[in-house]
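The values are calculated or read from the model by the stated rules, or taken from the named source; none is laboratory data. The shown structure was predicted, so the numbers you read here are calculated from the model rather than taken from an experiment. With ideal geometry, Cβ positions are generated from the backbone for all residues, glycine too; neighbour counts draw on all protein chains shown.
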């Protein structure tokens, strides 16, 4: 422990004032830093009730007075002079953003998933500039968990997630927002407005990530995850310590549920190539239809039965992915249409204002100021036009809020769903690769068994021949032996080197790279190799044969052990990943339901706001008639 | 300017008080509806669109003083008929702001979609605006041609007579052309202000009009988005059905909301496109018509100013002749002297000539002054009237704009309240 959070918080608080001056460009909270500063400054005891007391419905409260005041101020500034349209637009553009950022922070508590008891277990309460133990400035996310405040950086979330995927290959790890592409950085260099938007999105999504993780038992029980949420641990140290550094390079070479404790046999398992995943379905079909006589190929019935469930869920997820991708595309295009529409509304608001001031073309300017507008229909119409303009102003502002919600309620969560689906496919692929691994082992065993059987057969035959020969005359025996020996020495030289390398690589298998190559070769070009093997076998000497048989028997027992490990792995993977898939499936459905509900609510609020305004406008127009 | 016109001007101009424009004695309710494609005359190849014009009024002469005044008079007219009415009114009431007709829209003729619903519906609304404006005008609404147009069952025969009566006023055209580059010397301040303000207003209305065009286009793509969104949700619902009935039901409810939204938006857009934008366009045209009248007024003013210039010159010349050698005519006189012309006699003759000219000019100037002043007065009265009609129109169109928005939002609110409750 070399870093005290509260010291850092204090440091940040005390340095906010000069930070504003010196690093205004980098500080994303320009204008709102007081809110954040005080939020960080409060002690845990004070901060907690504050968060709990804000009910979801209050999200509209902080925003609505902001609208009316901003609308009111823009109104006041326009009615004073005609030439201030620019001022109105500027007002309308800057003012809502303040209220927006406030309203989005309020909606976070509304959207983040809750656990079973309905209380929030974990929350990212703040995000902002902080100094890491090495004095470097970075954006830190303040996590509130079990009365502890933990500050972690985005990159730390990223590495946590990465570690989790390696630690728990059968579990669908909740996604986090993706990294910025370097290109994006080049296109839009860091600026305060842009940055604060990214940060607030990340804050929300990281919050969602943590809540999702807590809901998954395997993750919340994981020691690495627990260390992440423990301020006692420096993340760098966690990353360079026990469970993570002893992780195998490939999860296929470790027991799926405890990859840090591989058996010696795991390390010699073959690794199927990712490209072979493409043939998975046909291989599986072949496996279950073509009844091989070897009992080795028999998978436990459980696995066979599960397969249809997996295929079903995979198809389901594929369809989800397809539809949701389209959905997201449409939502994005709708959002951009909506946005340009709302800018037209803003313009309309301004022009109606101008209209209201220019409408009367006969009344001299001097008259306008002095005349009381009680009975003059021309003065009345001014207020009607203005009221209409006001309606458009309000629609613009509430539309902007709704558009913001498009991002927070629709776009980001749906994007998260897509990531969830993609993660699910990764877990499914892991399961598939395990099966392919099994198939390689199976193939190797069958090969070796055939080789062994042909060797033993020849051995038997030779024995029989020898027996019969010893019983028959010596003359013929000598002749036969000569020709046989000549035969053997003749071919031996040609085949020797080839057979040696091939048998070495296929039997020993301690070196992975060679192993992959060999197994792949065996796998795809099995028949010619078999023929070659048969040919080889016939041309081996007696000593070599017995050596080979011995070797083969050794290999086979090893391979069979591997196979049984592989099968038990498969069973573990199936159980664990099926549970995780179902969990994800439920999560997706729940999230979709939640998205619908939340969107309906905010859409309704938008409609109400617009309706209220038009009714008000209409009322004023009617009163004059 | 006809004698009748002059009399009208002098008599009417006096008893008008500003800001309280004359109201027509009768009210009218005119609805233009039901545009229908008709096959044209055997001669012409293309057809035309006929509009149904329904009138209700408290002017009993429209019912030939018999029949039920509550009943509705229905006639069918085509665009060219309205154009004829417009031109006749323009011809007979030169001092009035004649409400404008919608553009001829040549492009639509070429593109061949002048029978499309969008085109005819928009034109329908615009024609209705035109007839209503005419009916609100104290003089125009009482003209014989207006009545004939609205009630006649035998319009075909009337049309031919009216067409023949319509002689293009060549004088006005040439006058207008000649005076095109002249400007009024002493412009009434009021008019300067009116012109400036109307220019500004026109720009604003044009801008709003353009913005609404954009809004309509965006609304179209929005409603397209919602349709696509709806089909996506439908797909998702189908996928989920059988797996998760609860979610499927939710999606179905949500999708209904989206569908309602899409339909509602389409209806609102239709209103904006077919009616509100047309109202705005008509307002622009109306402002234009008013400007035309001011231009005409300016010409009368220019006539008067030219005349008065001429008179001043003539008087000056006469005075010079009387007082002996005029500075400017010195060389001319010298030349005449050299030519042996009797100076004294020619001078007297000239003075006589000039005196005659001055008398007639003074008379004409008086007349022109009367015409110009009368025109100016009439113009101001017309502008007042225009203002009141415009105000009423804006009020009405804003009211209906608000109504349609309320209707739209209420409709989708109802739909989404249902969605929100059921989720």
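Quick look at the values:
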item: Odd one out for residue A:592 among (1) under 30 Å from residue A:174 (Cα atoms); (2) more than 27 Å from the chain's Cα centre (by Cα); (3) facing another protein chain (nearest Cβ under 8 Å); result: (2)
item: From the options B:407, B:366, residue that is surrounded by fewer than 21 Cβ atoms within 10 Å (Cβ to Cβ), over 16 Å from residue B:287 (Cα atoms) and away from chain A (no Cβ under 14 Å); result: B:366
item: Index of the failed condition, residue B:274 passing every other in (1) at pLDDT 85 or above; (2) within 11 Å of chain A (Cβ to nearest Cβ); result: (2)
item: Residue check for residue A:286: within 14 Å of chain B (Cβ to nearest Cβ) and either surrounded by 11 or more Cβ atoms within 10 Å (Cβ to Cβ) or in a helix (DSSP H, G or I) (or both); result: no
item: Unique match (being buried (at least 19 other Cβ atoms within 10 Å of the Cβ), within 10 Å of chain A (Cβ to nearest Cβ), touching a helix residue (DSSP H, G or I) at 6+ places or on another chain (Cβ under 9 Å) and modelled with pLDDT under 90) among B:232, B:219, B:244; result: B:244
item: Single residue of B:269, B:206, B:227 found to be more than 25 Å from residue A:389 (Cβ to Cβ) and touching a helix residue (DSSP H, G or I) at 6+ places or on another chain (Cβ under 8 Å); result: B:227
item: Unique residue being more than 23 Å from the chain's Cα centre (by Cα) and either within 14 Å of another protein chain (Cβ to nearest Cβ) or at pLDDT 85 or above (or both) when the list is A:312, A:339, A:293; result: A:339
item: Residue that is farthest from the other protein chains (Cβ to nearest Cβ), among those in the range B:188-215 that are in contact (Cβ under 8 Å) with a residue 12 or more places away in the chain and surrounded by fewer than 18 Cβ atoms within 10 Å (Cβ to Cβ); result: B:188
item: Residue that is farthest from residue B:253 (Cα to Cα), among those in the range A:596-622 that are more than 7 Å from chain B (Cβ to nearest Cβ) and surrounded by 19 or more Cβ atoms within 10 Å (Cβ to Cβ); result: A:613
item: Top-ranked residue in the range B:61-79 [being modelled with pLDDT of 75 or more and either in contact with a helix residue (DSSP H, G or I) (Cβ under 9 Å, 6 or more places away or on another chain) or more than 22 Å from residue B:130 (Cα to Cα) (or both); ranked as surrounded by the fewest Cβ atoms within 10 Å (Cβ to Cβ)]; result: B:71
item: Only listed residue being part of a helix (DSSP H, G or I) and facing chain A (nearest Cβ under 9 Å), chosen from B:387, B:378; result: B:387
item: Test: residue A:573 is over 27 Å from residue A:307 (Cα atoms), in a helix (DSSP H, G or I), under 22 Å from the mean Cα position of the chain (by Cα) and more than 9 Å from chain B (Cβ to nearest Cβ); result: no
item: Sole residue being in a loop (DSSP other than H, G, I, E, B), closer than 18 Å to residue A:578 by Cα, modelled with pLDDT under 80 and out of contact with any strand residue (DSSP E or B) (no Cβ under 9 Å at 6 or more places or on another chain), chosen from A:299, A:257; result: A:299
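Yes/no matrix, rows are residues, columns are (1) modelled with pLDDT under 85; (2) within 17 Å of residue B:29 (Cα to Cα):
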| position | (1), (2) |
| --- | --- |
| B:94 | yes, no |
| B:124 | no, yes |
| B:128 | no, yes |
| B:135 | no, yes |
| B:151 | yes, yes |
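Results for (1) closer than 19 Å to residue B:132 by Cβ; (2) in a helix (DSSP H, G or I); (3) in contact with a helix residue (DSSP H, G or I) (Cβ under 8 Å, 6 or more places away or on another chain), shown as yes or no for each residue.
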site: B:248; (1), (2), (3): no, yes, yes
site: B:265; (1), (2), (3): no, yes, yes
site: B:284; (1), (2), (3): yes, yes, yes
site: B:288; (1), (2), (3): yes, yes, yes
site: B:319; (1), (2), (3): no, yes, no
